[in-house]
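First the structure, in the form of structure tokens, and then the observations on it.
The values are calculated or read from the model by the stated rules, or taken from the named source; none is laboratory data. Worth saying up front: this structure is predicted, and the values here are computed from it rather than measured. As a convention, Cβ positions derive from the backbone with ideal geometry for all residues, glycine included, and neighbour counts pool all protein chains shown.
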Amino acid sequence: MKRVFVIFTAVFTMTTFSFGQNQGLKFATRYYDAADKWVAFDKKAEDTTYMVGFIYIDEQAGFTYNYESRFIMTNNGLEKLPSALDSVSLKVRLSQNTVNVAVLSDEEVKQLNLPEVPDWLKYYKENENENSYLVRIGFLYNSVGASHNAIEPLLKVYEKEPHFQGLEFELAYAFNATKQFDKAIPVLNKAIENDPKNFWYYRELGFALKNQNKLDEAEKVYLQGIKLSSDKLQKAEMAINMAQSYFQVKDKAKFKEWAKLTKKYADKKSRIYEYIDYFEKNWDK
């Protein structure tokens, strides 16, 4: 029978489900840590059934939940209930508001008569060994704040083709986001050698250096990044990073220099501008 695909873009928000009695299921996993896994969503307090489905990554759409069925808890384990949606594939795009899920164990998957992975997953994995696919997966993990999961696929590409389009920025971003600044720096230095006019590399390199307290080096890098960028917001963000660093080490002359530069590019109603005001008001505290 031909299956009908129904796609929803937003459900499973933080208010969709309660976290009541779950009798053994642990709803403690973020959706981005459950890719390629069978998962259960918690039920409402008044409900008796749970939802089970499979989380995967759609290369274009991102993290997606494919609803399978409902199930109940019994003395003998989990029992899958008949689904009214046998001819419909219900897919849900997941977002930062998605509640935590319970990843099902191999035994629980067997109890629900589910395959190890759905047969249809292979269609989303056709390109999994291609550089473009792996970089895209890294980007998707980075974009939802799961940079710890982005590093592995990105490194696979870096070992083969380090200057592949978009790779070096995503890998450096992931290293910075996971506070592995010592690993981000050589990636970015090589990236700049290859493409010295890409301000994004300077933005990430300046951030890595500043977080290693190499402020003189960070300052030179950020100044070059600001020079190359045509985006006022990015200029302001690079400037506020240096202003913050000099605020923290109480170098007033340098702070004033970078505070002035920040105000030059930041919108007066922006949070960045507010930060500078805060630093100035709290200098002596």
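May I ask you to say which residue of Lys110, Lys80 is basic (Lys, Arg), over 22 Å from Gln60 (Cα atoms) and touching a Phe, Trp or Tyr at 6+ places or on another chain (Cβ under 6 Å)? Steps first, please.
Working: Lys110 fails: touching a Phe, Trp or Tyr at 6+ places or on another chain (Cβ under 6 Å).
That would be Lys80, the only listed residue that is basic (Lys, Arg), over 22 Å from Gln60 (Cα atoms) and touching a Phe, Trp or Tyr at 6+ places or on another chain (Cβ under 6 Å).
Among the residues of region 263-277, are any surrounded by fewer than 12 Cβ atoms within 10 Å (Cβ to Cβ), modelled with pLDDT of 95 or more and either over 28 Å from the mean Cα position of the chain (by Cα) or closer than 15 Å to Ile185 by Cα (or both)? There is no residue in region 263-277 that is surrounded by fewer than 12 Cβ atoms within 10 Å (Cβ to Cβ), modelled with pLDDT of 95 or more and either over 28 Å from the mean Cα position of the chain (by Cα) or closer than 15 Å to Ile185 by Cα (or both).
Residues to consider are Lys250, Lys254; find the one that is under 15 Å from Asp216 (Cα atoms) and in a loop (DSSP other than H, G, I, E, B).
From the options Lys250, Lys254, the qualifying one is Lys250.
Condition check: assigned to a helix (DSSP H, G or I) and either within 25 Å of Glu193 (Cα to Cα) or assigned by TED's automatic domain parsing to the domain that holds Tyr173 (or both). Does Lys260 satisfy that? Taking the combined requirement at face value, the residue satisfies it.
One line per residue, one yes/no per condition, for (1) without any contact (Cβ under 8 Å) to a residue 12 or more places away in the chain; (2) under 20 Å from Val187 (Cβ atoms); (3) touching a Lys or Arg at 6+ places or on another chain (Cβ under 9 Å); (4) not aromatic (Phe, Trp, Tyr):
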{"position": "Ala218", "(1), (2), (3), (4)": "no, yes, yes, yes"}
{"position": "Ile226", "(1), (2), (3), (4)": "no, no, yes, yes"}
{"position": "Ser230", "(1), (2), (3), (4)": "yes, no, no, yes"}
{"position": "Gln234", "(1), (2), (3), (4)": "no, yes, yes, yes"}
{"position": "Met238", "(1), (2), (3), (4)": "no, yes, yes, yes"}
{"position": "Phe247", "(1), (2), (3), (4)": "no, no, no, no"}
{"position": "Ala253", "(1), (2), (3), (4)": "yes, no, no, yes"}
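Close Cβ contacts (under 8 Å, 6 or more residues apart or on different chains) running from residues in region 174-194 that are touching a residue at least 12 places away in the same chain (Cβ under 8 Å) to residues that are among the polar types (S, T, N, Q) and surrounded by fewer than 15 Cβ atoms within 10 Å (Cβ to Cβ) comprise Phe181/Gln212; Asp182/Gln212; Ile185/Gln212. Of all the listed residues (Asp231, Asp216), the sole one being more than 29 Å from the chain's Cα centre (by Cα) and of a type in the set (Asp, Glu) is Asp216.
Does Ser230 count as part of a helix (DSSP H, G or I), hydroxyl-bearing (Ser, Thr, Tyr) and more than 30 Å from Asp58 (Cα to Cα)? Criteria not met by Ser230.
Looking at Ala236, is it within 30 Å of Tyr31 (Cβ to Cβ) and of a type in the set (Gly, Ala, Ser)? Quick ask: steps written out before the conclusion?
Numbers: within 30 Å of Tyr31 (Cβ to Cβ): no; of a type in the set (Gly, Ala, Ser): yes.
Against the criterion (within 30 Å of Tyr31 (Cβ to Cβ) and of a type in the set (Gly, Ala, Ser)), Ala236 does not qualify.
In region 79-192, which helices (runs of 4 or more DSSP H) lie fully inside it and hold 3 or more residues that are polar (S, T, N, Q)?
Working: elements: 106-111, 121-124, 131-143, 147-160, 167-177.
By residue number, 131-143.
Here Phe164 meets each of (1) among the hydrophobic types (A, V, I, L, M, F, W, C); (2) in the same structural domain as Asn194 (by TED's automatic domain parsing); (3) buried (at least 20 other Cβ atoms within 10 Å of the Cβ) with one exception, condition (3).
Check whether at least one residue in region 56-66 is of a type in the set (A, V, I, L, M), within 29 Å of Tyr141 (Cα to Cα) and in contact with a helix residue (DSSP H, G or I) (Cβ under 8 Å, 6 or more places away or on another chain), and report yes or no.
Initial filter on region 56-66 (of a type in the set (A, V, I, L, M)): 57, 61.
Then keep just the ones that are within 29 Å of Tyr141 (Cα to Cα); that gives 57, 61.
Keeping just the survivors that are in contact with a helix residue (DSSP H, G or I) (Cβ under 8 Å, 6 or more places away or on another chain) gives 57.
Checked region 56-66: at least one residue is of a type in the set (A, V, I, L, M), within 29 Å of Tyr141 (Cα to Cα) and in contact with a helix residue (DSSP H, G or I) (Cβ under 8 Å, 6 or more places away or on another chain).
On the given criteria, is Tyr222 assigned to a helix (DSSP H, G or I), at pLDDT 95 or above and over 22 Å from Lys254 (Cβ atoms)? Considered against the rule, which asks whether it is assigned to a helix (DSSP H, G or I), at pLDDT 95 or above and over 22 Å from Lys254 (Cβ atoms), Tyr222 comes out as no.
Looking at (1) in contact with a Leu (Cβ under 8 Å, 6 or more places away or on another chain); (2) exposed (fewer than 14 other Cβ atoms within 10 Å of the Cβ); (3) within 20 Å of Ala184 (Cα to Cα), which is the one condition that is false for Tyr201? All conditions pass for Tyr201, except number (2).
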